[in-house]
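Notes to accompany the following structure.
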Amino acid sequence: MDALLYWVGLVAVAVNALTGVLDAGRKQMDLIGAVMVGVATALGGGTIRDLLLDRNVFWVVDQTYLLVALLAGLMTFFAVRKLPLPPRLFLIPDALGLALFTIIGTQVALQWHAPWLVASLMGVTTGIVGGVLRDILCNDVPLVFLKGELYATAAWTGALALIAMQEMGVSGIISAWIAMAIVLLLRLLAMRYNLTLPTFRQPNT
């Protein structure tokens, strides 16, 4: 299970770095700006998780994560910088990054002996904070705060599903893959069919 988490974590870092650079590209940022956004997107959620759990920050302990974020950001910048970028292009890899990081964050918290509710929220934090940083650095309202398709809800559903399956005795690897699929599927369905939560509306006075 630890080996799976490690490699999935590296993939998640690369995917989130890609989304950060793609979004920065819409703002016509230069190389340094785009890569900084990519790195913040890739490492932000896990950093906040580790600080909240009072554990060593993952990319400080193992700089491979930082190197992967930098390389993914640089490669994405030079691969797409002269291409027209559709405004919502980054949303597909963002959905994948959300799924990967949510499950990693939940599992890390469980291994740190966090209670189930705390672990699920650590999963959500790991999944969404990188995107929040990306949107703030790109001077946009974070996706998670917009009235729109399910985002944090998809992450929390997957995190709770992971915890429930492990409590029922499903193996860690199988439950992790199923939970990742749940988050990704919910997010993609929400984007496709505009699935949303109820919004707060004041009655006319």
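The values are calculated or read from the model by the stated rules, or taken from the named source; none is laboratory data. Since we're looking at a predicted model, the values are computed, not measured. Note that we place each Cβ from the backbone using ideal geometry, even for glycine, and neighbour counts take in every protein chain shown.
A few notes on this one:
- Residue within the stretch 136-144 that is in contact (Cβ under 8 Å) with a residue 24 or more places away in the chain, buried (at least 22 other Cβ atoms within 10 Å of the Cβ) and under 18 Å from Ala12 (Cβ atoms) present: no
- Lone qualifier among Ala181, Ala109 - being surrounded by fewer than 23 Cβ atoms within 10 Å (Cβ to Cβ) and modelled with pLDDT of 95 or more: Ala181
- Checklist (1) more than 30 Å from Asp54 (Cβ to Cβ); (2) assigned to a helix (DSSP H, G or I); (3) touching a residue at least 60 places away in the same chain (Cβ under 8 Å) applied to Thr76, failing item: (3)
- Among the residues making up the stretch 79-111, those that are assigned to a loop (DSSP other than H, G, I, E, B) and within 25 Å of Leu143 (Cα to Cα) are Arg81, Leu83, Pro84, Leu85, Pro86, Pro87, Arg88, Leu89, Phe90.
- Every residue from the stretch 41-58 that is among the hydrophobic types (A, V, I, L, M, F, W, C), in contact (Cβ under 8 Å) with a residue 24 or more places away in the chain and surrounded by fewer than 24 Cβ atoms within 10 Å (Cβ to Cβ): Ile48, Leu52, Leu53, Phe58
- Residue count for the stretch 34-49 under the criterion of being over 25 Å from Leu150 (Cα atoms) and touching a helix residue (DSSP H, G or I) at 6+ places or on another chain (Cβ under 7 Å): the result is 2.
- Checking Leu189 against (1) assigned to a helix (DSSP H, G or I); (2) closer than 27 Å to Ala69 by Cα, the condition it does not meet: (2)
- Looking across the stretch 81-98, the residues that are surrounded by fewer than 16 Cβ atoms within 10 Å (Cβ to Cβ) and either of a type outside the set (A, V, I, L, M) or touching a helix residue (DSSP H, G or I) at 6+ places or on another chain (Cβ under 7 Å) (or both) come down to Arg81, Lys82, Pro84, Leu85, Pro86, Pro87, Arg88.
- The single residue among Val144, Val118, Val132 that is touching a helix residue (DSSP H, G or I) at 6+ places or on another chain (Cβ under 7 Å), modelled with pLDDT under 90 and assigned to a helix (DSSP H, G or I) turns out to be Val144.
- Which listed residue, of Leu10, Leu5, is in contact (Cβ under 8 Å) with a residue 40 or more places away in the chain, surrounded by 15 or more Cβ atoms within 10 Å (Cβ to Cβ) and more than 20 Å from Ile92 (Cβ to Cβ): Leu5
- Here Val39, Val13, Val80, Val8 are screened, and the one residue that is at pLDDT below 95 and under 13 Å from the mean Cα position of the chain (by Cα) is Val8.
- Boolean, Ala152 is of a type outside the set (Asp, Glu) and more than 15 Å from the chain's Cα centre (by Cα): no
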